Amino acid sequence: MGEVLVSVKNLVKEYPREGGVSRVVDDVSFEIARGETLGLVGESGSGKSTVARMILRLIEPTAGAVRFDGVDVLGASSAEMRALRQRMQIVFQDPFAALNPRMRVREIVGEPFEIHREQGLGNREQRKAGSREQGIWSGRDRDLRVGELLREVGLDASAMERFPHEFSGGQRQRVNIARALALRPEFLVLDEPVSALDVSVGAQVINLLQELQRSRGMTYLFISHSMPLVRYLSMRIAVLRQGRLVEIGDCAQVCEAPREEYTRQLIAATPVIQA
Ligand code: ADP
Ligand code: MG
């Protein structure tokens, strides 16, 4: 394994329930190397999204540690957290729910630039350059940046003028990806990004994600309940069952010679896809 970008150690999440707690993530540990795609696979309810959200600190773990490029994510101050949020982004399953229906694509994809500016993020040089030129942040320049992002995800720059409901599911997911890319993150969590899409549309989005990873050198945590999909995209695969990591290894090893009976069942349960 190369340089470790993300490390998760003994992660636990418990929710209270009548008469006790239910432990939905139970002592999960793994690492993701810079530039790799780690696939996280498991049935619905196995805890995949909970793990993803804890890594990004969208929910607080009950116990455990998360490090991103050496930074203690769970111990980060709010200023450190804002800086980290530029470096890690998430794309969710439902491409419609994630988009504000009253915003045009221009605002949706350009919003991270605005938030970034308001919070005074970026290094001092960038801020100085921004104020000196009135900016990267002026409407016209923002539109240029948004147009570039849209083209990068395979949409026409004219998509800027439109609202989410005017797009198909696949196009909406492309808008979500463009927004996630806006601040040039190093790490993307893809939480079932094509599960709500038709197979052929999903395959195109998968291919786009693969191209983006190559062109931008990003690191992915790719989450899916579909073993063939995970296998297609991932270099290593982690198998989650009822909140526990039952197996982790190279794609070929996990798929061709799974150590666990459960992994074998997962492989047998899903048909092969063609992406
Ligand atoms: P997956 O993404 O693999 O489908 P989740 O991480 O969404 O699984 O959920 C794992 C388990 O945790 C499920 O049983 C789910 O019902 C439970 N769970 C998720 N969020 C909460 C919550 N806020 N309160 C109680 N239980 C939850
Ligand atoms: Mg989920």
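Readers should treat all values here as calculations from the given coordinates under stated rules, not as data from a laboratory. Predicted model, so just to flag it, every value in this text is computed and none were measured. When we count neighbours, we look across all protein chains shown, and the Cβ atoms used for this are built from the backbone with ideal geometry, even at glycine.
Worth pointing out:
- Relative to its Kirkwood radius, the Cα radius of gyration of the range 209-254 gives an Rg/Rh of 1.00.
- Per-residue 3J(HN,Hα) values for the range 53-66, derived from phi via the Karplus relation 6.51 cos²θ - 1.76 cosθ + 1.60 with θ = phi - 60°, read 5, 6, 4, 7, 6, 7, 10, 8, x, 6, 7, x, 9, 10 Hz in sequence order (x marks Gly and Pro).
- With Cα atoms, 0 to 90° folded angle of helix 199-216 axis to the chain main axis: 70 degrees
- Estimated dipole of the chain in Debye, rounded to 20 [Cβ of Lys and Arg +1, of Asp and Glu -1, Cα centre]: 640 debye
- Kirkwood Rh in Å, taken over all unlike Cα pairs in the range 139-275: 16.4 Å
- Note on the chain: Rg/Rh from Cα positions, Kirkwood definition for Rh, rounded to two decimals, is 0.98.
- Segment R34-A252, length gained on full extension (0.36 nm per residue, minus Cα span): 76.5 nm
- Size of the range 1-123 as Cα extents on the principal axes (Å, biggest first): 46, 35, 28
- GNM result for the chain, Cα springs below 10 Å: residue of V109, V239, V24 fluctuating most strongly: V24
- 14 Å beta-carbon shell around L99, net charge (K/R +1, D/E -1): +3
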